[in-house]
Amino acid sequence: MSRLRPVSSGLPDFPWDTIAAAKARAASHADGIVDLSVGTPVDPVDPLIRDALSASSEFPGYPVTVGTPELRDAAVGALARRFGVTGLDAASILPVVGTKEAVAGLPSQLGVPAGATVVIPEVAYPTYEVGALLAGATPVRADHTDDYGDDVPALIFLNSPSNPTGRVLSAEHLRSVVDWARANDVVIVSDECYLGLTWEGEALSVLHPDVCGGDHTGLIAMHSLSKVSNLASYRAGFLAGDRALIAELLAVRKHAGMIVPFPIQGATVAALNDDAHVDAQRERYRVRRDKLRDALLGAGFTIDHSEAGLYLWATRGDDSRATLDWFAERGILVAPGDFYGPAGARHVRMAMTATDERVDAAVTRLL
């Protein structure tokens with residue numbers, strides 16, 4: 001018999017596999033399924049980005065893991081323009097092959113010891129837990145430093161705006177976590193992929209001077225082009241922050257061959273240097289959000305948080321699987337809240353990432 005230990009045996013079930021029956025039920029609707037379960041972009045990639053992809057496609061050599069100077073400069077510029085982040089330079093940036101890969105790999109690549117604690121949000125994107133488990137660490141769900149437990153964690157995952165809840169952490173909350181982490185020599189990885197899709201109030205990066213005082217020590221922010229630029233298929237994202245941590249990750253990732261393809265790097269530069277397409281896409285989502293929000297409220301749901309991001313976090317007080325079935329009977333597929341941890345078991349997550357026609361169909365079915 002093989003002496004290999006199946007890695008998958010130590011991981012949770014893949015959540016989307018558990019809603020196959022509900023998906024089949026929703027797909028049987030006479031007017032077809034309205035799939036609002038996964039936040040997959042459906043709108044076209046801007047021609048500006050596609051042209052840049054094509055223009056970068058003739059390069060025959062190997063790209064470099066660190067990314068082109070143009071990409072790193074574009075990331076610095078975009079974070080400054082869009083989110084007020086200061087103090088970054090080219091050495092503060094590292095492109096990644098999509099941020100899901102980064103979430104899953106960072107605990108291992110940063111050297112989190114086996115058996116150490118990794119803090120993840122109470123209601124969390126499932127891959128934070130997977131990243132901790134792949135490193136042999138113990139994930140602990142906690143939103144406040146008082147709940148971290150007796151063991152000082154090796155790493156803290158933050159997520160603001162949140163997937164799935166759309167919750168935005170205040171500057172005061174973020175500062176308190178940063179201060180605690182620095183006092184205890186703990187690294188923070190902040191997933192900020194939805195920062196550009198804030199609908200109510202203000203969302204700040206962990207790298208914003210109002211949060212970190214202009215000092216990025218111990219901080220890494222993750223940014224994605226999947227949502228704001230419709231580039232999910234391109235697998236385009238990047239890390240920003242502490243130069244020493246970025247250098248360590250670069251050293252590891254060079255050995256592992258974790259390289260963003262050169263044409264994707266060219267497309268990323270175009271996407272980061274242009275804000276007009278981001279603003280246009282944000283407005284498309286705003287219209288869809290308003291329609292779905294009104295329909296949910298009219299159907300008797302309460303919407304919690306949801307002040308940012310691509311989802312509505314909704315409940316009628318029932319078990320999330322029962323609510324999943326309620327939607328499926330109407331030809332609508334949503335994500336049950338228990339995907340994201342026990343604290344989500346009374347909610348469902350509804351995505352806004354469907355065509356206008358499908359969003360209108362969902363609204364009609366909820367009336």
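Remark: pairs (first residue in segment 77-88, open to solvent by 30 Å² or more (accessible area, probe 1.4 Å); second residue among the polar types (S, T, N, Q); Cβ separation under 7 Å; 6+ apart in sequence or on different chains) = ALA80/THR86; PHE83/SER205. Residue by residue through segment 226-238, note down the ones that are part of a loop (DSSP other than H, G, I, E, B), open to solvent by 10 Å² or more (accessible area, probe 1.4 Å) and out of contact with any Lys or Arg (no Cβ under 9 Å at 6 or more places or on another chain). Once the filter is applied, which keeps residues that are part of a loop (DSSP other than H, G, I, E, B), open to solvent by 10 Å² or more (accessible area, probe 1.4 Å) and out of contact with any Lys or Arg (no Cβ under 9 Å at 6 or more places or on another chain), segment 226-238 yields LYS227, ASN230.
Only residues that are of a type outside the set (Lys, Arg), open to solvent by 10 Å² or more (accessible area, probe 1.4 Å) and assigned to a loop (DSSP other than H, G, I, E, B) were counted in segment 316-338, giving 3. Number of residues in segment 256-265 that are under 15 Å from GLY237 (Cβ atoms) and either hydrophobic (A, V, I, L, M, F, W, C) or part of a helix (DSSP H, G or I) (or both): the value is 5.
From LEU297, LEU249, which residue is open to solvent by less than 20 Å² (accessible area, probe 1.4 Å), at pLDDT 95 or above and of a type in the set (A, V, I, L, M, F, W, C)? When all the criteria are applied, what remains is LEU249.
Against the condition in the same structural domain as ARG253 (by the TED database) and among the hydrophobic types (A, V, I, L, M, F, W, C), how does ALA91 come out, does it pass? In short, yes.
If you go through segment 171-225 and keep only what is under 22 Å from ARG72 (Cβ atoms), open to solvent by 10 Å² or more (accessible area, probe 1.4 Å) and polar (S, T, N, Q), you end up with THR217, SER224. Listed by first and then second residue, the pairs with beta-carbon distance under 8 Å, at least 6 apart or on different chains, first residue in segment 292-305 and assigned by the TED database to the domain that holds GLY344, second among the charged types (D, E, K, R) and surrounded by 14 or more Cβ atoms within 10 Å (Cβ to Cβ), are GLY300/ARG316; PHE301/ARG316; THR302/ARG316; ILE303/ARG293; HIS305/ARG167.
Of the residues making up segment 7-31, those that are in a loop (DSSP other than H, G, I, E, B) and under 27 Å from VAL228 (Cα atoms) number 1. Taking the listed residues LEU155, LEU133, the one that is more than 17 Å from PHE83 (Cα to Cα) and open to solvent by 20 Å² or more (accessible area, probe 1.4 Å) is LEU133, with no other qualifying.
Kindly indicate whether VAL130 is over 28 Å from PRO209 (Cβ atoms) and in contact (Cβ under 8 Å) with a residue 12 or more places away in the chain. Spell out how you get there, then give the answer.
Working: over 28 Å from PRO209 (Cβ atoms): yes; in contact (Cβ under 8 Å) with a residue 12 or more places away in the chain: yes.
Yes: the conditions hold for VAL130.
Residue by residue, here is whether (1) more than 19 Å from PHE327 (Cβ to Cβ); (2) among the basic types (Lys, Arg); (3) not in a helix (DSSP H, G or I) holds:
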| position | (1), (2), (3) |
| --- | --- |
| ARG5 | yes, yes, yes |
| SER37 | no, no, yes |
| ALA52 | yes, no, no |
| GLU58 | yes, no, yes |
| VAL66 | yes, no, yes |
| LEU79 | yes, no, no |
| THR86 | yes, no, yes |
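The values are calculated or read from the model by the stated rules, or taken from the named source; none is laboratory data. Here the structure is a predicted model, which is why all the values come from computation and not from measurement. Counting neighbours? That spans all protein chains shown, and the Cβs are built from the backbone with ideal geometry, glycine included. Ligands, DNA and RNA are stripped out before the accessible areas are found, and what is left, the full protein with its side chains, is counted by its heavy atoms. Shrake-Rupley method; radii C 1.70, N 1.55, O 1.52, S 1.80 Å.
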